[in-house]
Amino acid sequence: MTEKKQPAALTPAPRSRARMLELVFPKDTNYHGTAFGGWVLALMDKAGSVAAVRHARGSVVTARSDAVDFHLPIRVGDAVALDARVIRVGRSSMTVQVDVYREDMASGEQQLATSGLFVYVALDENGRPRPVEPLLVGDDQDAADADSGGRP
Ligand SMILES: CC(C)(COP(=O)(O)OP(=O)(O)OC[C@H]1O[C@@H](n2cnc3c(N)ncnc32)[C@H](O)[C@@H]1OP(=O)(O)O)[C@@H](O)C(=O)NCCC(=O)NCCS
């Protein structure tokens, strides 16, 4: 028998990670009919910032986007699956790896289309950089992700 969901139960969000799904509509495309690069960058920044906020447990700003490679075009009608993970933590800065997969929903196949690094800085209530927790690595990180049941 399946377990009944408890609507009021508090469950932890994934720590230091965020996953996101989007659909490509014609308004999101360039003259070639594929996803506009700036639209993809905005999605990456959104997913990256959620991973950083989850790690910092508070507000962050984008300090840098780096090494973004557009490997494959993303087509109208594709789903876009983003996976953002904090991979390095300084005192107040967090480097987030963001991978973007194009998904042919009919076949269910995904391919890495774009990848990049984003740096976020945690801010205190005065808008100044504030220290963040170190990164959990290996099993601890996987266990923290597992706690959330793999939800986005
Ligand atoms: C990011 C920002 C808060 C840094 O402020 P600052 O006074 O330069 O802070 P500091 O020199 O004390 O640096 C704080 C941390 O940010 C990092 N940092 C600052 N600028 C950075 C950059 N361009 N790239 C990568 N890391 C950067 C520093 O290395 C430092 O990291 P650490 O604490 O892990 O050692 C500030 O530059 C800012 O507000 N920028 C605008 C952010 C913004 O508006 N983003 C939206 C873009 S539209």
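The values are calculated or read from the model by the stated rules, or taken from the named source; none is laboratory data. Just so you know, these numbers come straight off a predicted model, no measurement behind them. For neighbour counting, all protein chains shown are included, and Cβ atoms are generated from backbone atoms with ideal geometry for every residue, glycine included.
Yes or no, residue by residue, for (1) touching a residue at least 60 places away in the same chain (Cβ under 8 Å); (2) under 13 Å from the mean Cα position of the chain (by Cα):
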residue: ARG64; (1), (2): no, no
residue: ALA67; (1), (2): no, no
residue: PHE70; (1), (2): no, no
residue: PRO73; (1), (2): no, no
residue: ALA79; (1), (2): no, no
residue: ALA84; (1), (2): yes, yes
residue: THR95; (1), (2): no, yes
residue: VAL100; (1), (2): yes, yes
residue: GLN110; (1), (2): no, no
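Which pairs turn up if I take residues in segment 24-41 that are of a type in the set (A, V, I, L, M) and look for partners that are assigned to a helix (DSSP H, G or I) with beta carbon separation below 7 Å, at least 6 apart in sequence or on another chain?
Listed by first residue and then by second, the contacts come to ALA35/ASP28.
Working only within segment 118-138, note down all residues that are near the ligand (Cβ under 10 Å from one of its atoms) and not basic (Lys, Arg).
Correct list: PHE118, VAL119, TYR120, VAL121, ALA122, LEU123, GLY127, PRO129, PRO131, VAL132.
For segment 112-130, which residues satisfy the criterion of being over 15 Å from the mean Cα position of the chain (by Cα), assigned to a strand (DSSP E or B) and surrounded by fewer than 20 Cβ atoms within 10 Å (Cβ to Cβ)?
Matches in segment 112-130: LEU123, PRO129.
Results for (1) in contact with a strand residue (DSSP E or B) (Cβ under 7 Å, 6 or more places away or on another chain); (2) farther than 18 Å from ALA35 by Cα, shown as yes or no for each residue.
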| position | (1), (2) |
| --- | --- |
| VAL76 | yes, no |
| ARG85 | yes, yes |
| VAL89 | no, yes |
| VAL100 | yes, no |
| GLN110 | yes, no |
| ALA113 | yes, no |
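Out of all the residues in segment 54-104, which are away from the ligand (no atom under 13 Å from the Cβ), polar (S, T, N, Q) and surrounded by fewer than 16 Cβ atoms within 10 Å (Cβ to Cβ)?
None - no residue of segment 54-104 is away from the ligand (no atom under 13 Å from the Cβ), polar (S, T, N, Q) and surrounded by fewer than 16 Cβ atoms within 10 Å (Cβ to Cβ), so the list stays empty.
Is at least one residue of segment 33-47 modelled with pLDDT under 95 and part of a loop (DSSP other than H, G, I, E, B)?
yes
Answer with yes or no whether LYS27 is loosely packed, with under 12 Cβ neighbours inside 10 Å, assigned to a loop (DSSP other than H, G, I, E, B) and basic (Lys, Arg).
No.
Residue check: is VAL50 buried (at least 16 other Cβ atoms within 10 Å of the Cβ), within 16 Å of the chain's Cα centre (by Cα) and over 14 Å from SER115 (Cα atoms)?
yes
Could you check, for segment 59-73, whether at least one of its residues is assigned to a loop (DSSP other than H, G, I, E, B), over 16 Å from ALA122 (Cα atoms) and among the β-branched types (Val, Ile, Thr)?
There is no residue in segment 59-73 that is assigned to a loop (DSSP other than H, G, I, E, B), over 16 Å from ALA122 (Cα atoms) and among the β-branched types (Val, Ile, Thr).
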